[in-house]
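Visitor: Just passing along the structure, written as C-alpha coordinates.
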Amino acid sequence: ISVSTDRLLGHCAWIVGDEARRRRSGVRVVCVSKPRAQADLSTSPLIAHIISSTCSRNSCETMQRNHKAPSFRLRLRLIFLTAAAVLVLRPLAPCSAFSAITGTSRSSTSRSDPASSSSASSSSSASAAPPAGRRRISLTGIEASDFRHPLDKDLTALVRAAPLSGVAERALRRSLAVVEQGVRLDLLGSSIKTSEAQLPELHEAVRECARILDLDTVPELYVQSNPQANAFTLALRDDTKGGGAEAKAPAPPIVVVTSALLDRCTDEEVMAIIGHECGHLKCEHSLYLTLGGLAAAPLRALPLVGSRVESLQQSWRLAAEYSCDRAALLVAQDVHVVAGAMLKLFAGTARATNARAFVDQTREYDELLASANPLVRRSVQMQMQQRTHPLPVKRVSELTKWFASKDYARIMRVHGEKD
(Lines give C-alpha, C1' and ligand atoms only; values in the text may rest on other atoms or scores of the structure.)
Protein backbone atom coordinates (compact mmCIF):
# COMPACT_ATOMS: atom_id res chain seq x y z
CA ILE A 1 0.00 0.00 0.00
CA SER A 2 2.78 2.44 0.88
CA VAL A 3 4.56 1.88 -2.43
CA SER A 4 1.37 2.41 -4.42
CA THR A 5 0.59 5.54 -2.44
CA ASP A 6 4.07 6.88 -3.04
CA ARG A 7 3.76 6.35 -6.79
CA LEU A 8 0.31 7.91 -6.78
CA LEU A 9 1.66 11.02 -5.07
CA GLY A 10 4.36 11.20 -7.71
CA HIS A 11 1.83 11.17 -10.56
CA CYS A 12 -0.44 13.71 -8.90
CA ALA A 13 2.56 15.91 -8.17
CA TRP A 14 3.36 16.06 -11.86
CA ILE A 15 -0.19 17.09 -12.70
CA VAL A 16 -0.10 19.99 -10.27
CA GLY A 17 3.65 20.50 -10.61
CA ASP A 18 3.23 23.69 -12.61
CA GLU A 19 3.68 26.63 -10.27
CA ALA A 20 0.81 28.64 -11.74
CA ARG A 21 -1.60 25.74 -11.45
CA ARG A 22 -0.48 25.05 -7.89
CA ARG A 23 -1.19 28.65 -6.88
CA ARG A 24 -4.67 28.57 -8.40
CA SER A 25 -5.67 25.24 -6.91
CA GLY A 26 -4.07 25.66 -3.50
CA VAL A 27 -2.62 22.14 -3.71
CA ARG A 28 0.55 21.65 -1.68
CA VAL A 29 3.05 18.97 -2.75
CA VAL A 30 5.55 17.75 -0.17
CA CYS A 31 8.64 15.53 -0.64
CA VAL A 32 7.87 14.51 -4.22
CA SER A 33 10.32 15.45 -6.96
CA LYS A 34 9.39 16.04 -10.59
CA PRO A 35 12.18 13.78 -12.00
CA ARG A 36 10.95 10.90 -9.87
CA ALA A 37 7.41 11.34 -11.13
CA GLN A 38 8.61 11.38 -14.71
CA ALA A 39 10.62 8.20 -14.12
CA ASP A 40 7.54 6.38 -12.84
CA LEU A 41 5.62 7.48 -15.91
CA SER A 42 8.00 5.62 -18.21
CA THR A 43 6.12 2.41 -17.47
CA SER A 44 2.60 3.83 -17.69
CA PRO A 45 1.99 5.34 -21.13
CA LEU A 46 -1.74 5.85 -20.72
CA ILE A 47 -1.13 7.86 -17.57
CA ALA A 48 1.66 9.73 -19.32
CA HIS A 49 -0.69 10.74 -22.13
CA ILE A 50 -3.40 11.90 -19.72
CA ILE A 51 -0.91 13.90 -17.69
CA SER A 52 1.05 15.31 -20.62
CA SER A 53 -2.13 16.60 -22.28
CA THR A 54 -3.27 18.06 -18.95
CA CYS A 55 0.05 19.84 -18.43
CA SER A 56 0.13 21.07 -22.04
CA ARG A 57 -3.31 22.59 -21.66
CA ASN A 58 -2.24 24.19 -18.38
CA SER A 59 0.75 25.81 -20.09
CA CYS A 60 -1.51 27.26 -22.77
CA GLU A 61 -3.82 28.66 -20.08
CA THR A 62 -0.87 30.32 -18.38
CA MET A 63 0.21 32.05 -21.62
CA GLN A 64 -3.31 33.08 -22.59
CA ARG A 65 -4.15 35.50 -19.79
CA ASN A 66 -7.68 36.10 -21.03
CA HIS A 67 -8.58 32.41 -20.96
CA LYS A 68 -10.69 31.36 -18.03
CA ALA A 69 -8.98 28.86 -15.72
CA PRO A 70 -10.75 25.52 -15.24
CA SER A 71 -12.76 25.16 -12.09
CA PHE A 72 -11.28 23.65 -8.98
CA ARG A 73 -13.84 20.84 -9.23
CA LEU A 74 -12.56 19.95 -12.71
CA ARG A 75 -8.99 19.83 -11.43
CA LEU A 76 -10.04 17.47 -8.66
CA ARG A 77 -11.78 15.25 -11.21
CA LEU A 78 -8.61 15.08 -13.31
CA ILE A 79 -6.56 14.11 -10.27
CA PHE A 80 -9.13 11.51 -9.26
CA LEU A 81 -9.18 10.02 -12.78
CA THR A 82 -5.39 9.84 -12.82
CA ALA A 83 -5.31 8.27 -9.37
CA ALA A 84 -7.76 5.57 -10.43
CA ALA A 85 -5.79 4.89 -13.59
CA VAL A 86 -2.50 4.64 -11.66
CA LEU A 87 -3.92 2.02 -9.33
CA VAL A 88 -5.35 0.01 -12.21
CA LEU A 89 -2.62 0.39 -14.82
CA ARG A 90 0.65 0.58 -12.89
CA PRO A 91 2.18 -2.45 -14.68
CA LEU A 92 1.23 -1.13 -18.12
CA ALA A 93 4.09 -1.23 -20.61
CA PRO A 94 4.81 1.33 -23.28
CA CYS A 95 2.69 0.99 -26.33
CA SER A 96 2.29 4.11 -28.08
CA ALA A 97 4.23 5.82 -30.42
CA PHE A 98 6.19 5.71 -33.46
CA SER A 99 8.35 7.64 -31.11
CA ALA A 100 10.38 10.61 -31.93
CA ILE A 101 11.87 10.21 -28.49
CA THR A 102 14.64 7.73 -28.99
CA GLY A 103 14.60 6.01 -25.73
CA THR A 104 13.34 7.04 -22.41
CA SER A 105 9.74 7.92 -22.16
CA ARG A 106 7.16 9.51 -24.16
CA SER A 107 7.19 12.98 -23.39
CA SER A 108 5.78 11.33 -24.81
CA THR A 109 5.03 9.43 -26.89
CA SER A 110 6.45 10.51 -29.78
CA ARG A 111 5.88 11.61 -33.36
CA SER A 112 5.07 8.75 -31.91
CA ASP A 113 3.96 9.38 -32.47
CA PRO A 114 3.70 9.16 -35.83
CA ALA A 115 1.90 18.13 -44.07
CA SER A 116 3.96 20.74 -44.90
CA SER A 117 6.94 19.05 -46.43
CA SER A 118 8.97 20.41 -49.29
CA SER A 119 8.80 19.06 -52.81
CA ALA A 120 12.29 17.61 -52.40
CA SER A 121 11.10 15.69 -49.35
CA SER A 122 8.13 14.28 -51.25
CA SER A 123 10.23 13.13 -54.21
CA SER A 124 12.98 11.43 -52.21
CA SER A 125 11.15 9.65 -49.40
CA ALA A 126 8.16 8.47 -51.36
CA SER A 127 9.83 7.76 -54.68
CA ALA A 128 8.92 4.08 -54.63
CA ALA A 129 5.55 4.51 -52.93
CA PRO A 130 2.27 3.91 -54.72
CA PRO A 131 1.38 7.03 -56.72
CA ALA A 132 -1.00 9.46 -55.09
CA GLY A 133 -4.60 8.59 -55.86
CA ARG A 134 -3.96 4.84 -56.28
CA ARG A 135 -5.34 2.67 -53.52
CA ARG A 136 -2.96 0.30 -51.83
CA ILE A 137 -3.41 -3.44 -51.55
CA SER A 138 -5.93 -4.47 -48.90
CA LEU A 139 -4.82 -7.30 -46.63
CA THR A 140 -8.15 -9.04 -46.24
CA GLY A 141 -8.35 -11.44 -43.31
CA ILE A 142 -4.93 -10.55 -41.90
CA GLU A 143 -4.45 -11.34 -38.21
CA ALA A 144 -2.07 -9.72 -35.74
CA SER A 145 -0.21 -13.02 -35.46
CA ASP A 146 0.68 -12.78 -39.17
CA PHE A 147 3.03 -9.84 -38.63
CA ARG A 148 3.92 -9.92 -34.94
CA HIS A 149 7.57 -10.12 -34.03
CA PRO A 150 8.35 -13.71 -32.88
CA LEU A 151 8.95 -12.74 -29.25
CA ASP A 152 5.80 -10.59 -29.17
CA LYS A 153 3.83 -13.46 -30.70
CA ASP A 154 5.12 -16.12 -28.29
CA LEU A 155 4.62 -14.09 -25.10
CA THR A 156 1.16 -12.92 -26.16
CA ALA A 157 0.14 -16.55 -26.78
CA LEU A 158 1.58 -17.50 -23.36
CA VAL A 159 -0.47 -14.81 -21.60
CA ARG A 160 -3.67 -15.77 -23.43
CA ALA A 161 -3.18 -19.43 -22.49
CA ALA A 162 -2.64 -18.69 -18.79
CA PRO A 163 -5.27 -19.85 -16.25
CA LEU A 164 -8.05 -17.32 -15.65
CA SER A 165 -6.69 -15.11 -18.42
CA GLY A 166 -10.22 -14.66 -19.81
CA VAL A 167 -11.53 -13.32 -16.50
CA ALA A 168 -8.55 -11.00 -16.08
CA GLU A 169 -8.90 -9.78 -19.66
CA ARG A 170 -12.57 -8.86 -19.24
CA ALA A 171 -11.88 -7.04 -15.97
CA LEU A 172 -8.99 -5.12 -17.49
CA ARG A 173 -11.01 -4.14 -20.55
CA ARG A 174 -13.65 -2.59 -18.30
CA SER A 175 -11.01 -0.72 -16.30
CA LEU A 176 -9.27 0.59 -19.40
CA ALA A 177 -12.61 1.71 -20.82
CA VAL A 178 -12.96 4.12 -17.88
CA VAL A 179 -9.54 5.60 -18.62
CA GLU A 180 -10.42 5.85 -22.30
CA GLN A 181 -13.52 7.88 -21.47
CA GLY A 182 -11.40 10.43 -19.63
CA VAL A 183 -8.88 10.64 -22.47
CA ARG A 184 -11.63 11.01 -25.07
CA LEU A 185 -13.26 13.88 -23.15
CA ASP A 186 -9.90 15.59 -22.76
CA LEU A 187 -9.17 15.28 -26.49
CA LEU A 188 -12.63 16.50 -27.49
CA GLY A 189 -12.09 19.54 -25.29
CA SER A 190 -8.52 20.39 -26.29
CA SER A 191 -7.78 18.84 -29.71
CA ILE A 192 -9.26 18.66 -33.21
CA LYS A 193 -11.21 15.55 -34.20
CA THR A 194 -10.86 14.67 -37.88
CA SER A 195 -13.91 13.89 -40.00
CA GLU A 196 -15.17 14.23 -43.56
CA ALA A 197 -15.75 17.91 -42.82
CA GLN A 198 -12.64 18.54 -40.67
CA LEU A 199 -9.19 17.68 -42.07
CA PRO A 200 -10.75 15.22 -44.55
CA GLU A 201 -7.37 14.06 -45.92
CA LEU A 202 -6.34 12.80 -42.47
CA HIS A 203 -9.76 11.24 -41.92
CA GLU A 204 -9.35 9.36 -45.20
CA ALA A 205 -5.81 8.31 -44.21
CA VAL A 206 -6.95 6.61 -41.01
CA ARG A 207 -9.82 4.93 -42.90
CA GLU A 208 -7.29 3.66 -45.44
CA CYS A 209 -5.06 2.26 -42.68
CA ALA A 210 -8.04 0.48 -41.10
CA ARG A 211 -8.98 -0.97 -44.49
CA ILE A 212 -5.49 -2.26 -45.27
CA LEU A 213 -4.99 -3.86 -41.84
CA ASP A 214 -8.59 -5.18 -41.81
CA LEU A 215 -9.54 -3.50 -38.51
CA ASP A 216 -13.10 -4.09 -37.36
CA THR A 217 -13.58 -0.43 -36.40
CA VAL A 218 -12.08 2.72 -37.88
CA PRO A 219 -10.28 4.61 -35.09
CA GLU A 220 -11.04 8.22 -34.22
CA LEU A 221 -8.11 10.45 -35.17
CA TYR A 222 -7.32 13.61 -33.20
CA VAL A 223 -4.79 16.36 -33.96
CA GLN A 224 -3.19 17.85 -30.87
CA SER A 225 -1.28 21.14 -30.82
CA ASN A 226 2.20 20.24 -29.63
CA PRO A 227 5.72 21.31 -30.69
CA GLN A 228 6.88 17.71 -30.14
CA ALA A 229 6.44 15.48 -33.20
CA ASN A 230 4.55 12.56 -31.73
CA ALA A 231 1.69 10.09 -32.08
CA PHE A 232 0.05 7.66 -29.69
CA THR A 233 -2.89 5.38 -29.14
CA LEU A 234 -4.46 3.67 -26.15
CA ALA A 235 -3.87 0.41 -28.05
CA LEU A 236 -7.15 -1.15 -26.98
CA ARG A 237 -10.19 -2.27 -28.92
CA ASP A 238 -13.45 -2.31 -26.97
CA ASP A 239 -14.67 -5.88 -27.39
CA THR A 240 -16.98 -5.86 -24.37
CA LYS A 241 -20.58 -6.72 -25.21
CA GLY A 242 -23.38 -4.80 -23.55
CA GLY A 243 -26.62 -6.50 -22.62
CA GLY A 244 -30.17 -5.49 -23.37
CA ALA A 245 -31.83 -3.87 -26.33
CA GLU A 246 -30.50 -0.44 -25.39
CA ALA A 247 -26.85 -1.51 -25.23
CA LYS A 248 -24.59 1.07 -26.79
CA ALA A 249 -22.16 0.23 -29.56
CA PRO A 250 -18.51 0.09 -28.46
CA ALA A 251 -16.68 3.39 -28.75
CA PRO A 252 -14.07 3.47 -31.53
CA PRO A 253 -10.41 3.37 -30.48
CA ILE A 254 -8.38 6.58 -30.29
CA VAL A 255 -5.31 7.66 -32.26
CA VAL A 256 -3.62 11.02 -31.70
CA VAL A 257 -1.05 12.84 -33.85
CA THR A 258 0.54 16.18 -33.05
CA SER A 259 0.67 19.27 -35.20
CA ALA A 260 4.47 19.15 -35.32
CA LEU A 261 4.34 15.68 -36.84
CA LEU A 262 1.99 16.83 -39.60
CA ASP A 263 4.22 19.80 -40.38
CA ARG A 264 7.35 17.65 -40.58
CA CYS A 265 6.24 14.60 -42.58
CA THR A 266 4.76 13.99 -46.02
CA ASP A 267 1.27 12.56 -46.45
CA GLU A 268 2.76 9.13 -47.21
CA GLU A 269 4.87 9.24 -44.05
CA VAL A 270 1.96 10.39 -41.91
CA MET A 271 -0.06 7.43 -43.15
CA ALA A 272 2.79 5.07 -42.26
CA ILE A 273 2.90 6.53 -38.75
CA ILE A 274 -0.86 6.13 -38.35
CA GLY A 275 -0.37 2.56 -39.59
CA HIS A 276 2.12 2.00 -36.75
CA GLU A 277 -0.49 3.09 -34.22
CA CYS A 278 -3.13 0.92 -35.89
CA GLY A 279 -0.67 -1.94 -35.46
CA HIS A 280 -0.80 -1.36 -31.69
CA LEU A 281 -4.60 -1.50 -31.92
CA LYS A 282 -4.55 -4.68 -34.00
CA CYS A 283 -2.19 -6.35 -31.50
CA GLU A 284 -3.91 -4.83 -28.43
CA HIS A 285 -0.57 -4.22 -26.78
CA SER A 286 -1.99 -2.23 -23.85
CA LEU A 287 -4.09 -5.21 -22.84
CA TYR A 288 -1.56 -8.02 -23.19
CA LEU A 289 1.51 -6.16 -21.96
CA THR A 290 -0.45 -5.17 -18.88
CA LEU A 291 -1.68 -8.73 -18.29
CA GLY A 292 1.89 -9.94 -18.69
CA GLY A 293 3.11 -7.38 -16.17
CA LEU A 294 0.45 -8.41 -13.66
CA ALA A 295 1.27 -12.09 -14.09
CA ALA A 296 5.00 -11.44 -13.65
CA ALA A 297 4.61 -9.13 -10.63
CA PRO A 298 5.02 -11.89 -7.96
CA LEU A 299 8.22 -13.09 -9.65
CA ARG A 300 9.97 -9.71 -9.61
CA ALA A 301 10.69 -9.96 -5.87
CA LEU A 302 12.48 -13.30 -6.19
CA PRO A 303 16.29 -13.27 -6.24
CA LEU A 304 17.91 -14.05 -9.60
CA VAL A 305 14.54 -14.76 -11.22
CA GLY A 306 13.27 -11.22 -10.76
CA SER A 307 15.94 -9.59 -12.91
CA ARG A 308 15.46 -12.12 -15.70
CA VAL A 309 11.70 -11.57 -15.68
CA GLU A 310 12.17 -7.80 -15.87
CA SER A 311 14.63 -8.22 -18.74
CA LEU A 312 12.16 -10.43 -20.60
CA GLN A 313 9.37 -7.89 -20.16
CA GLN A 314 11.60 -5.14 -21.49
CA SER A 315 12.46 -7.28 -24.52
CA TRP A 316 8.74 -7.82 -25.06
CA ARG A 317 8.12 -4.06 -25.10
CA LEU A 318 10.81 -3.58 -27.72
CA ALA A 319 9.46 -6.49 -29.76
CA ALA A 320 6.00 -4.87 -29.66
CA GLU A 321 7.49 -1.79 -31.35
CA TYR A 322 9.07 -3.98 -34.04
CA SER A 323 5.64 -5.56 -34.63
CA CYS A 324 4.06 -2.16 -35.19
CA ASP A 325 6.86 -1.03 -37.48
CA ARG A 326 5.87 -4.02 -39.60
CA ALA A 327 2.27 -2.80 -39.54
CA ALA A 328 3.48 0.60 -40.75
CA LEU A 329 5.28 -1.14 -43.62
CA LEU A 330 2.19 -3.14 -44.54
CA VAL A 331 0.28 0.13 -44.79
CA ALA A 332 2.95 2.08 -46.68
CA GLN A 333 4.00 -0.96 -48.77
CA ASP A 334 7.37 0.76 -49.30
CA VAL A 335 10.22 0.44 -46.79
CA HIS A 336 11.70 3.80 -47.81
CA VAL A 337 8.52 5.64 -46.85
CA VAL A 338 8.67 4.20 -43.32
CA ALA A 339 12.41 4.85 -43.11
CA GLY A 340 11.81 8.43 -44.27
CA ALA A 341 9.24 8.96 -41.51
CA MET A 342 11.66 7.64 -38.89
CA LEU A 343 14.47 9.75 -40.33
CA LYS A 344 12.54 13.00 -39.94
CA LEU A 345 11.28 12.13 -36.48
CA PHE A 346 14.63 11.14 -35.06
CA ALA A 347 16.56 13.88 -36.86
CA GLY A 348 14.13 16.46 -35.49
CA THR A 349 13.89 18.28 -38.82
CA ALA A 350 12.11 17.99 -42.15
CA ARG A 351 15.37 18.84 -43.96
CA ALA A 352 16.62 15.25 -43.57
CA THR A 353 14.99 13.66 -46.61
CA ASN A 354 17.30 10.95 -47.95
CA ALA A 355 15.70 7.75 -46.67
CA ARG A 356 18.04 5.52 -48.69
CA ALA A 357 21.09 7.10 -47.02
CA PHE A 358 19.47 6.39 -43.65
CA VAL A 359 19.00 2.74 -44.64
CA ASP A 360 22.71 2.63 -45.57
CA GLN A 361 23.50 4.11 -42.15
CA THR A 362 21.76 1.16 -40.48
CA ARG A 363 24.01 -1.26 -42.37
CA GLU A 364 27.07 0.68 -41.23
CA TYR A 365 25.83 0.44 -37.63
CA ASP A 366 25.33 -3.33 -37.89
CA GLU A 367 28.80 -3.84 -39.33
CA LEU A 368 30.47 -1.69 -36.67
CA LEU A 369 28.57 -3.39 -33.87
CA ALA A 370 29.54 -6.85 -35.16
CA SER A 371 33.23 -5.94 -35.15
CA ALA A 372 33.21 -3.97 -31.89
CA ASN A 373 35.00 -4.98 -28.70
CA PRO A 374 32.93 -7.46 -26.62
CA LEU A 375 32.85 -4.98 -23.75
CA VAL A 376 31.40 -2.33 -26.08
CA ARG A 377 28.77 -4.73 -27.37
CA ARG A 378 27.81 -5.65 -23.81
CA SER A 379 27.53 -1.98 -22.90
CA VAL A 380 25.21 -1.38 -25.86
CA GLN A 381 23.03 -4.33 -24.84
CA MET A 382 22.76 -2.99 -21.28
CA GLN A 383 21.74 0.43 -22.58
CA MET A 384 19.05 -1.16 -24.73
CA GLN A 385 17.49 -2.68 -21.62
CA GLN A 386 16.79 0.82 -20.31
CA ARG A 387 14.94 2.04 -23.40
CA THR A 388 11.21 2.07 -24.08
CA HIS A 389 11.83 1.96 -27.85
CA PRO A 390 14.53 0.32 -29.97
CA LEU A 391 17.31 2.41 -31.45
CA PRO A 392 16.17 4.15 -34.66
CA VAL A 393 18.83 2.45 -36.77
CA LYS A 394 17.89 -0.95 -35.32
CA ARG A 395 14.25 -0.37 -36.18
CA VAL A 396 15.07 0.47 -39.79
CA SER A 397 17.54 -2.43 -40.00
CA GLU A 398 14.99 -4.94 -38.68
CA LEU A 399 12.29 -3.55 -40.96
CA THR A 400 14.53 -3.73 -44.04
CA LYS A 401 15.30 -7.39 -43.31
CA TRP A 402 11.61 -8.21 -42.83
CA PHE A 403 10.69 -6.37 -46.05
CA ALA A 404 13.05 -8.72 -47.94
CA SER A 405 11.84 -11.83 -46.09
CA LYS A 406 9.52 -14.61 -47.21
CA ASP A 407 7.09 -13.68 -44.42
CA TYR A 408 6.35 -10.27 -45.95
CA ALA A 409 6.02 -11.76 -49.43
CA ARG A 410 3.65 -14.45 -48.10
CA ILE A 411 1.40 -11.87 -46.39
CA MET A 412 1.14 -9.82 -49.57
CA ARG A 413 0.48 -12.95 -51.65
CA VAL A 414 -2.03 -14.65 -49.34
CA HIS A 415 -3.91 -11.61 -47.99
CA GLY A 416 -3.27 -9.10 -50.75
CA GLU A 417 -6.31 -7.98 -52.64
CA LYS A 418 -6.25 -5.07 -55.06
CA ASP A 419 -9.38 -2.94 -55.27
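The values are calculated or read from the model by the stated rules, or taken from the named source; none is laboratory data. Owing to the predicted nature of the structure, the values given are computational and were not obtained by experimental measurement. A quick note on method: Cβ atoms are made from the backbone with ideal geometry, for glycine too, and the neighbour counts reach across all protein chains shown. Calculation scope for accessible area: heavy atoms of the full protein, side chains included, ligands and nucleic acids excluded. Shrake-Rupley method; radii C 1.70, N 1.55, O 1.52, S 1.80 Å.
Visitor: Taking the range 349-364 as the region of interest, how many residues are polar (S, T, N, Q), outside any helix (DSSP H, G or I) and open to solvent by 80 Å² or more (accessible area, probe 1.4 Å)?
Guide: Looking only at that region, the number is 1.
Visitor: Just a yes or no: is a residue in the range 330-346 closer than 30 Å to Ser259 by Cα and acidic (Asp, Glu)?
Guide: For the range 330-346, residues closer than 30 Å to Ser259 by Cα and acidic (Asp, Glu): present.
Visitor: Can you tell me which of Phe346, Phe358 is at negative phi, of a type in the set (A, V, I, L, M, F, W, C) and touching a Leu at 6+ places or on another chain (Cβ under 6 Å)?
Guide: Phe358 is the lone residue from the list that is at negative phi, of a type in the set (A, V, I, L, M, F, W, C) and touching a Leu at 6+ places or on another chain (Cβ under 6 Å).
Each row is one residue, and each column tells you yes or no for (1) among the acidic types (Asp, Glu); (2) surrounded by fewer than 12 Cβ atoms within 10 Å (Cβ to Cβ); (3) farther than 30 Å from Ser138 by Cα.
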| site | (1), (2), (3) |
| --- | --- |
| Asp366 | yes, no, yes |
| Ala370 | no, yes, yes |
| Arg378 | no, yes, yes |
| Thr388 | no, no, yes |
| Leu399 | no, no, no |
| Trp402 | no, no, no |
| Val414 | no, no, no |
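Visitor: Separate question: Going through Leu368, Leu375, Leu302 one at a time, which residue ends up being within 30 Å of Leu158 (Cα to Cα) and either in a helix (DSSP H, G or I) or out of contact with any His (no Cβ under 6 Å at 6 or more places or on another chain) (or both)?
Guide: Exactly one of Leu368, Leu375, Leu302 is within 30 Å of Leu158 (Cα to Cα) and either in a helix (DSSP H, G or I) or out of contact with any His (no Cβ under 6 Å at 6 or more places or on another chain) (or both), namely Leu302.
Visitor: Inside the range 378-399, can you point out the residues that are among the aliphatic types (A, V, I, L, M) and part of a helix (DSSP H, G or I)?
Guide: Val380, Met382, Met384, Val393, Val396, Leu399
Visitor: Can you pull out every residue in the range 250-289 that is in contact with a strand residue (DSSP E or B) (Cβ under 7 Å, 6 or more places away or on another chain), surrounded by 24 or more Cβ atoms within 10 Å (Cβ to Cβ) and either among the polar types (S, T, N, Q) or not in a helix (DSSP H, G or I) (or both)?
Guide: Of everything in the range 250-289, those that are in contact with a strand residue (DSSP E or B) (Cβ under 7 Å, 6 or more places away or on another chain), surrounded by 24 or more Cβ atoms within 10 Å (Cβ to Cβ) and either among the polar types (S, T, N, Q) or not in a helix (DSSP H, G or I) (or both) turn out to be Pro253, Val255, Val256, Val257, Thr258.
Visitor: Report those helices (runs of 4 or more DSSP H) wholly inside the range 132-214 carrying at least 2 residues which are at pLDDT 90 or above, aliphatic (A, V, I, L, M) and open to solvent by less than 20 Å² (accessible area, probe 1.4 Å).
Guide: Where helices (runs of 4 or more DSSP H) fall fully within the range 132-214 and carry at least 2 residues being at pLDDT 90 or above, aliphatic (A, V, I, L, M) and open to solvent by less than 20 Å² (accessible area, probe 1.4 Å), they are 165-190, 200-212.
Visitor: Look at Ala231 and say whether it is open to solvent by 20 Å² or more (accessible area, probe 1.4 Å), in contact with an Asp or Glu (Cβ under 7 Å, 6 or more places away or on another chain) and modelled with pLDDT of 70 or more.
Guide: no
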